[in-house]
Amino acid sequence: MADRFFDTELCEKEWYHNLTALERCFFRDVLLSKCDCVGVWTPNQAQTDYILGTSSFDFRAVVKKCNGNIEVLESGKWFIVDFCDFQYGEL
């Protein structure tokens, strides 16, 4: 299991404030905890629904609300911008 640092200033960012409670849980509990070591997540509706305890959460709508912090790659995978910089510092 990967260890992850949590950006305590994330909660202070305006774009994060504008997310609903379920969207904030998705960003933190799904994206940040289930992405790989470089910040790439393969969209997975079943996994998302299980973690959030719902059966119909539209996670694709969150991309537009995250102020450019998520980039959808050509492969369909999601890249969390600045994930590596925050987790590992300057490499």
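The values are calculated or read from the model by the stated rules, or taken from the named source; none is laboratory data. On a predicted model such as this, the values are computed, not experimentally measured, just so you know. Glycine also receives a Cβ, built like all others from the backbone with ideal geometry; neighbour counts cover every protein chain displayed. Side chains included, ligands, DNA and RNA excluded: accessible areas come from the protein's heavy atoms. Shrake-Rupley method; radii C 1.70, N 1.55, O 1.52, S 1.80 Å.
Right, Asp3: at pLDDT below 90, part of a helix (DSSP H, G or I) and open to solvent by 60 Å² or more (accessible area, probe 1.4 Å) or not? Steps first, answer last, please.
Working: at pLDDT below 90: yes; part of a helix (DSSP H, G or I): no; open to solvent by 60 Å² or more (accessible area, probe 1.4 Å): yes.
The answer is no for Asp3.
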Checklist (1) part of a helix (DSSP H, G or I); (2) open to solvent by less than 70 Å² (accessible area, probe 1.4 Å); (3) out of contact with any helix residue (DSSP H, G or I) (no Cβ under 7 Å at 6 or more places or on another chain) applied to Phe79, failing item: (1)
Please work out if Ser56 is open to solvent by 40 Å² or more (accessible area, probe 1.4 Å), free of Cβ contacts under 8 Å to residues at least 40 places away in the same chain, over 19 Å from His17 (Cβ atoms) and part of a loop (DSSP other than H, G, I, E, B). yes
Can you run down the residue pairs with Cβ atoms below 8 Å, 6 or more apart or on separate chains, where the first is in the stretch 73-89 and among the basic types (Lys, Arg) and the partner is open to solvent by 60 Å² or more (accessible area, probe 1.4 Å) and not in a strand (DSSP E or B)? Lys77/Thr42
By residue number, the members of the stretch 37-53 that are small (Gly, Ala, Ser) and within 16 Å of Ala21 (Cβ to Cβ) are Gly53
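Within the stretch 1-45, how many residues turn out to be among the small types (Gly, Ala, Ser) and under 20 Å from Gly76 (Cα atoms)?
2
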What's the number of the condition Val30 fails, among (1) open to solvent by less than 50 Å² (accessible area, probe 1.4 Å); (2) of a type in the set (Val, Ile, Thr); (3) not in a helix (DSSP H, G or I)? (3)
For Cys37, state whether it is part of a helix (DSSP H, G or I), surrounded by fewer than 15 Cβ atoms within 10 Å (Cβ to Cβ) and either in contact with a Gly (Cβ under 9 Å, 6 or more places away or on another chain) or not basic (Lys, Arg) (or both). no
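So, in the stretch 7-23, exactly how many residues are in a helix (DSSP H, G or I) and open to solvent by less than 70 Å² (accessible area, probe 1.4 Å)?
Just the residues of the stretch 7-23 that are in a helix (DSSP H, G or I), to begin with: 8-12, 14-17, 21-23.
Narrowing the set further to residues that are open to solvent by less than 70 Å² (accessible area, probe 1.4 Å) leaves 10-11, 15-16, 21-23.
Here the count works out to 7.
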